[in-house]
Structures are given as C-alpha cells and as structure tokens.
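Below is one structure, written out as structure tokens, with a few remarks after it.
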Number of protein chains: 2
Amino acid sequence: MTGDIQKVDGGITAPQGFVAAGVHAGLKKEKKDLALIVSEVPAAAAAVYTRNRVKAAPLIVTKEHLKTGIARAIVCNSGNANACTGERGYRDAREMAAITAEAIGCEPWQVVVASTGVIGVPLPMNKISAGIRAAVEKLAVDGGSDAAAAIMTTDTRKKEIAVQLPLGGATVTIAGIAKGSGMIHPNMGTMLCFLTTDAAMEQHDLDQALRAVVDRTFNMVTVDGDTSTNDMAVILANGCAGNAPLTIEDHAAFRAGLEYVCRHLARLIARDGEGATKLITVEVRRAASEAEARIVARAVAGSNLVKSAIFGADANWGRILCAAGYSGAEIDPERVDIYLESRAGCEQMAMDGEPLPFSEEKAAAILREEEITITLDLNQGTATATAWGCDLTYDYVKINASYRT
Amino acid sequence: MTGDIQKVDGGITAPQGFVAAGVHAGLKKEKKDLALIVSEVPAAAAAVYTRNRVKAAPLIVTKEHLKTGIARAIVCNSGNANACTGERGYRDAREMAAITAEAIGCEPWQVVVASTGVIGVPLPMNKISAGIRAAVEKLAVDGGSDAAAAIMTTDTRKKEIAVQLPLGGATVTIAGIAKGSGMIHPNMGTMLCFLTTDAAMEQHDLDQALRAVVDRTFNMVTVDGDTSTNDMAVILANGCAGNAPLTIEDHAAFRAGLEYVCRHLARLIARDGEGATKLITVEVRRAASEAEARIVARAVAGSNLVKSAIFGADANWGRILCAAGYSGAEIDPERVDIYLESRAGCEQMAMDGEPLPFSEEKAAAILREEEITITLDLNQGTATATAWGCDLTYDYVKINASYRT
C-alpha cells in the first residue's frame, strides 16, 4: 500500500483548506515562538496526551475542548510550557483559546491549545495575546513552514512532511509538523505533533487511527528517558478533499499514510535529540509478541550505556544484550543474535548470546556513520518492533546543565 | 539503636576470623584485579543477585554453591565480567572456585565467585589461576583494603567500612567493601558488595536481614539507569564473636548495624558514579506508602534532566516534579512541596505543585555544593524513602564512549 504514498511539498498546509502562520511573540529572544494552524471549515479532531501525572494546563484545556471531537484551530507557543502554574495556568490557557477564537471567528472550544518550554513560570499573556493577533494577520496557505519553526525549543531543525495518496475516489493529503529534542521518551516526552488532513472521515475512525499510529511511532522514540508534562499529538481532518465514505481498505490506506508521516517525524525527532550526533534505530525481530518486541527495542534505544558507546563508536554489544536483559521482557539470553549495521556495512556481533569474532575496524567504521541500526533477533516468535533513539553526548549534558539559565 | 553503632578501622577484615588479600593478576594493566576474602571457619552465607535476565556465569555458579547456606571464601576478579561467555564461562567460574578451594583447603561449593568488567570476553584462566595462588599467599588480617582496591573498575576510590555494636552479650563487628560506578540502578546495576560479620546467627535470619537492608540501600542507588549482568551482594557470618543466640531485639540491632554499613557504601557508590561531581540524595516524605515513596525517589534520582540540571547548578525544580509525575506513583501534583538543600542552606522551590519566589543566587549556591538533598513532600500519607544518585556530566559520556577501547 505504501507504493501509493507520494511525498509532496507544503508541510502542514499542504492539505486543502488549511492555513498557518508562525510569528515572534516575544517569549524567546529573537526566534519565532507562536504558531497558528487554522482549518477553513470545522474539522474532525482527535488527540493523544502525555501519561505524566503532572499535566500542563493547555493539555487539560484541550482535552475539555476536544470532547466535542471538532476543532477549527491549533494555537501553540514555545518558550514557556505553562506547566505547574496552578489556577492561573488554566485561566491563561483558556484565554489563549478565547483570543484565537475571537480573532478567527469561531467558538473557544474549537481551539486546541498547546505550550512547550520552561516549567513553572506563568505565561506573559500580553505577549501571547499580541502574538496571536499578529499570527492571524499572517495566516496563509504557505505559512506551514513558519508554524513548524515557531514550535521549536532546543530543536536544531524544522520537522515537517506532507504526503498524498488516493482515497475514496479523491486525492487525500496528510501532513504534520513536530517538535522534539529533550525529554523525549515512550509515552511522548515533550513532544508536540500537529497533523492535518483533508480526508473526510468520522471522528471515531480518526481517533482510532491516531492512537494506533502513535503507539508504533512517537511512543517508540526515546531521547533521555524523561516524559514531559506537555506532550500531545493532535490531528484535524477537515474533509476538503471530498472523498467518498471510507471502506475498510481505505481505512488501512489512510493509516498507512498517517504512519508514513508520523514515522518520518519520529525519526527526525530521534535524530535531533538534544546533543545527538547519530540516529539509532533498534529493530527487534522474532519476539514472542509485539509487546515484548517493543519493550526490548525501547530498553536498548534508551540505555545510557548503549547510547554513550554509539557516540564513541565503540562496538560494546554486551551492553545491548544487557539492556535487553533488564527490559522486563522474557527473553532467552542464550538465543539472542545481535547485528550492527549502517551504510558502511553489517556485522554480526553475537550469536545465541555469545560473542562472535568480529573486525573491530569494520565495527568502528559502521558506528562512525550518522545512522546506525542495531538488530536483535530473539529467536522466540514472529513479532517485530522498531524503536528510535540517539547517542548520548557531551552536548546533551551541556544543553541540560543550563537550560533555564 | 544507632547510638550503639561505632565505626572502627580495618574494613572487611575487622570482624574476627576473616583474612583477605588483593593482588594484580594481570587482567588490568597495572592495578590490583583479584580479591580474596576468607573466613577461618565455615560461615553462614546469604546473597542477593541482579534481576537482569542476562546473568553472568559467576552468579549462576555462586547461586548453586550457596544453596548450602555455607561458605568459606569469596573470590572476585575485576577487568572481565565473565558474562555472555557461554558454556566456557560456567566452566571458568567453577574453575575459579575449585582453584580457590584447593589453595585454602575447603570444598569448591564453599567458595563464592564474582567477576566484574567487560562483557563477552572469556576469562584468561592462566592469569586468574596464578592470581588466586598469589592472593592466598598474601592473605592477612590487614588485607581488607587491598581486597577493596582489587574489585574496583571505573571507581575512583575504595569503598569500605566497619562498625561494631553490642549483640547477645558480645561485641559484634559488621564490615563491607563495595564497587560501583557505571550501570548502577535499582536492582543492583554492576554493583558488588561483600559483607563480613563475626556475629553468630542462623542462615535464614542472615538472609532475611540482607534482603531487607539491600532493598533500602543498594536498590535505592541509581547512576545511569542500566542494570548489570553481574551484580551481587554477599554476606558471610562466621560466628567468631561468640555471641549468645539472638533475641528479637538483637535481630533489629543487627539489621540496624548492617543497614548502617550498606547505607554508607550505597552513598559512596552514588557519589562515585561514573563522571559524577555531586552526590544527590532524594528524600520523599509523607507518601501514601513506602512502595510509592521509593518509586518517586528513584525516578527523581534517575532522571537525566534532573541530573544534568544539578551538574549545571540550575534550580530547574520543574524537572523534579515532572519526574515524580512520570514515576508511576499515584501522586497528586497539586499537593507536592519541593525543597533543595545542602551545606549552603535550604530553599523551598514549590508549594502545592506551584512555584514559590526564590533567590536564584541562593539556589545556585546550594547546588554548587558537592552533596545536595532534594526533598519532595507529597502530603499524602506518612511513608518515607531515600534514594541516592549523582549528576550527569561530560565525563560520564567520555568514560562510556570508550570503555572497551
């Protein structure tokens, strides 16, 4: 099915009926820090949220709003998370929705609110308010890239993608922007992802598709093991493509398209982890179940020792097996095969849990590449899973030793 | 009860009837790498092991041996973990026990075997064998400190302590040596602890005391979130103090003494975490249960973001609350109070989950000290827990980017 999916330009505003903008509201020193995405017509909307018990105010407000399953706009600021800000935080998040609603002409409950940045500092609402009004002025069909820039925190590059596929007799576009960087971990550590599509579909189906895809993509990304207070992934489907009601096959095709988009963004998030120099993909094969495969893949991708070894191009495969061992999955260590692979080649490091003779030079050459795949073959069943992570570097420590100051 | 506990000199050989040695067998370049601890008479023995599913050969062999609950000696090499070494690994571990048994005159099953170091490389048995014989020659009542040196890997300092307390009409001594550094995490990441006591006590009581104390001490230490294949804590009680059978009060006094020893070693392990510059103690107060208190304390002590912030003396308390939020404990974020404390003073950062105005200068001064306490008051119940960790530094990455090479 993936054969029908074509990448297209235009980012978050590639789907019909969407406009966006990104402006500098003044929360960050110079960079864009307020994004606005608007659908010209009410859209079916679905979202998934952080599982952290400490939930930022904008999440709580968005959850209330999306009970209706309908939205017109997403407003998001960076530079301030509006988390741990008490009653005032809720008032400010509601106010963000109200100002947006008034400016674009919709109901406040049709606005999704998101924030990312430092915790525990109240939002400067005068700046936010002026920023929203400035963004509304700039709303445009080519504003997607500015919106992608405005949600960045320590991200070093914008994360956006759009794809098209045939669906229900029409050409449907699915697009997304995301921010990641620090605090990324299964269950959506400080990750924001905003998705748009012009597909016409039921809210329930949209919700199911989003949950399934997030489990296989964003929830398989780990940067530093911390899970944030502010994560969410939101999708708006405004129906402007004019497709016929979806068949079961169409639903599968839509999910494939959505997974393509989210997988692309998930990889970008891992590759752009704070201080990262390498993307690490962990493939687990022949696990007893998909749940076990995921647990192992995430444990390996999340191990500080594995991440440090990859940074140093040190083929310390014992740490890979060790991480699989403490993952909680019921692996049989004496059946595990381990491979390292990159553009520079592939080398098997261990068979049945025991070391194989390998060329240190070739292994080091493999690990010096920027994209590395670690494969664990558990020899237990037929299930597979993929997780994405990055190396642990001096710069990760540097960035996080002085984030606030 | 702690009032009766007195620190004494002599380390692992302070208890009567123990001798020890540490020698250079040649697994490391220059440093001591083989330790031997011997009780002059058969001792009651108990042990706890790593929960990693990948268990190194020496652990499997020691577990078999200790089914008898009796031991005469502990032999441990550093520089090579004898893990992921297949059938040969088991043979080598058994051989280590056999060589030791022959040299000191006991049965092979009376020997505890331990290894620590690189994974996946077979032990050089000729060096081990010669090393054991050299160690036997050097066994002495003042050899404890050499043994403490010989079990070190990336540790920067020896970890040893001995205490005395009155028990059953006699003066009983309890002592321990430990190694830690990388891969330290709840459930005993590459941690070895060898404990000796001249108390006379039943094996069952010794076992219960060890398990209870390890849960409150070593299992509350986290350095990098990885759990090793080789961890164990072993205690030998040889009865040479000649105390009367222990009463219930005596058992409590013994546990207090053992906890004093293990708590001291746990703090040393955290303080000496790879690349660490600071000891972080996390105190959780007024939790709903001890289990919840422990979960929260460990999550905060284990958060890469908290650890990086402490390294940078950045009072980013939002990350502390955030870590408590994702710990899995059922905390109420809106009731949590957070304090930072060190020799430089104490400052409350948050009350009821919301920021308090605080002096950045005073907070930075607090965090510039080498020993920092983070206190979370959950305002939910009466349970408490303490976890120990360290900051995440450039040097952690440096050490682990090139451990093997």
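The values are calculated or read from the model by the stated rules, or taken from the named source; none is laboratory data. The shown structure was predicted, so the numbers you read here are calculated from the model rather than taken from an experiment. All Cβ positions, glycine included, derive from the backbone under ideal geometry; neighbour counts span all protein chains shown. Remember, those area values only see protein heavy atoms, side chains included, never the ligands or the DNA or RNA. Shrake-Rupley method; radii C 1.70, N 1.55, O 1.52, S 1.80 Å.
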Practice problem: Tell me, yes or no, whether region B:122-133 has at least one residue that is within 13 Å of another protein chain (Cβ to nearest Cβ) and polar (S, T, N, Q). | Solution: no
Quiz item: Counting just the residues of region B:273-321 that are buried (at least 24 other Cβ atoms within 10 Å of the Cβ) and more than 13 Å from chain A (Cβ to nearest Cβ), which one comes out farthest from B:A178 (Cα to Cα)?
Solution: B:A287
Exercise. List the number of the failed condition for B:K29; all other conditions in (1) at pLDDT below 95; (2) buried (at least 18 other Cβ atoms within 10 Å of the Cβ); (3) outside any strand (DSSP E or B) hold.
Key: (2)
Quiz item: Residues in region B:345-358: is at least one open to solvent by 30 Å² or more (accessible area, probe 1.4 Å), at the interface with chain A (Cβ under 8 Å from one of its Cβ atoms) and part of a loop (DSSP other than H, G, I, E, B)?
Solution: yes
Self-check item: Matching residues in region B:226-272 - criterion: being more than 19 Å from B:I161 (Cα to Cα) and surrounded by 23 or more Cβ atoms within 10 Å (Cβ to Cβ)
Solution: B:D226, B:T227, B:S228, B:T229, B:N230, B:D231
Quiz item: What pairs come up if the first residue lies in region A:347-365 and is over 18 Å from A:V336 (Cβ atoms), the second is surrounded by 15 or more Cβ atoms within 10 Å (Cβ to Cβ) and at pLDDT 90 or above, and their beta carbons are under 9 Å apart, counting only those six or more places apart or on different chains?
Solution: A:S359/A:E347; A:S359/A:A365; A:K362/A:A344; A:K362/A:E347; A:A365/A:S342; A:A365/A:A344
Practice problem: Inspect region A:363-370 for any residue being within 25 Å of the chain's Cα centre (by Cα), away from chain B (no Cβ under 14 Å) and either modelled with pLDDT under 90 or over 30 Å from A:G120 (Cα atoms) (or both) and give the result as yes or no. | Solution: yes
Exercise. For region A:380-403, indicate whether the set of residues that are more than 10 Å from chain B (Cβ to nearest Cβ), hydrophobic (A, V, I, L, M, F, W, C) and open to solvent by 20 Å² or more (accessible area, probe 1.4 Å) is non-empty.
Key: no
Exercise. Could you tell me whether region A:8-15 includes any residue that is within 18 Å of A:G180 (Cα to Cα) and either among the aliphatic types (A, V, I, L, M) or out of contact with any Leu (no Cβ under 8 Å at 6 or more places or on another chain) (or both)?
Key: yes
Quiz prompt | Top-ranked residue of region B:53-84 - restricted to ones that are within 11 Å of chain A (Cβ to nearest Cβ) and open to solvent by 40 Å² or more (accessible area, probe 1.4 Å), ranked as modelled with the lowest pLDDT | solution = B:R53
